[in-house]
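Have a look at the structure below, then the notes.
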Amino acid sequence: MAERTPEGWGMVSKSSTPSVRHGMADGSVFFAHARDGMARAMPLLAPEPRVAEEQHCLATLLAIARCNPAEARALAATLLAEYGTLAAVLRAAEQQEGSIRTQPEAVRVLLVVVRESAFRWQRARLGQGNILRQRPALNAYLLALLAREKTEQMRVLFLDAALRLMVDEVLGRGTVDHAPVYPREIVRRALALGARSFVLVHNHPSGDATPSTEDLYMTQQIIAAAQIVGVQVADHLIVGKTQVLSMKEGGLL
């Protein structure tokens, strides 16, 4: 999958940010993606999917579960027509969305296992070296994981002293436009793991990876909390539909 993902990263220029409400009554703050007049991210457009190649791959998987190559090829074409890409088919199987729900359980289970196996393989690759020097692979992993999510979630990639991935965890789930996040919980988890730094990651279900004023504020709150205990925030990545934006690369971190 990594080879099909754009390798560049979006950039955002600084602009004035109006005052907004940031805090919540329970001490949490949230990420939101209202536009707030922020400069828009430069899009990273994904190439057209290799339909024939993906159809062949999906048909091969379906044949394992259905044991009828002709039916598997027909079903692969139907599913790709409905969902658009192989990645979307795999996600639909995991979420039980659309017509995939009408397929035999063996089909759905196999596709879910393939999806999870792909993520585990990608995470293993990212753990082999400095994650910040593996941007194409990291970009591919995050897009596959979050680009089609319908609600916002905050993930944290905890890193060791050599900037290798230790753990990728979800530390906040929300709605279509915000996710509550507790800086103290992120820092506490980093200390428990012995992490030296971490990368913040959250998605924008709208598909636009432009950071909002709330995104910028929350990032600074987490940086401040981490600095107290000597842990560094290495970057904050925002995942849109077809792009991953780096706040550090954009001069916003």
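For residue 66, only one of the following conditions fails: (1) modelled with pLDDT under 80; (2) among the basic types (Lys, Arg); (3) open to solvent by less than 70 Å² (accessible area, probe 1.4 Å). What is its number?
Result: residue 66 passes all but (3).
Restricting to segment 64-75, what's the tally of residues that are part of a helix (DSSP H, G or I) and over 13 Å from residue 114 (Cβ atoms)?
Matching residues across segment 64-75 total 8.
Listed residues 251, 194, 207, 230; which is open to solvent by 10 Å² or more (accessible area, probe 1.4 Å) and within 13 Å of the chain's Cα centre (by Cα)?
That would be 207, the only listed residue that is open to solvent by 10 Å² or more (accessible area, probe 1.4 Å) and within 13 Å of the chain's Cα centre (by Cα).
Can you name every residue in segment 190-241 that is closer than 25 Å to residue 160 by Cα and among the small types (Gly, Ala, Ser)?
190, 192, 194, 195, 197, 224, 225, 226, 230, 234
Quick check on residue 66: is it more than 14 Å from the chain's Cα centre (by Cα) and within 29 Å of residue 200 (Cβ to Cβ)?
Criteria not met by residue 66.
The values are calculated or read from the model by the stated rules, or taken from the named source; none is laboratory data. As the structure is a computational prediction, the values presented were derived from the model and not from experiment. Cβ coordinates were reconstructed from backbone atoms using ideal geometry, including for glycine residues, and neighbour counts include every protein chain displayed. The accessibility values were calculated without ligands, DNA or RNA, using every heavy atom of the protein model including side chains. Shrake-Rupley method; radii C 1.70, N 1.55, O 1.52, S 1.80 Å.
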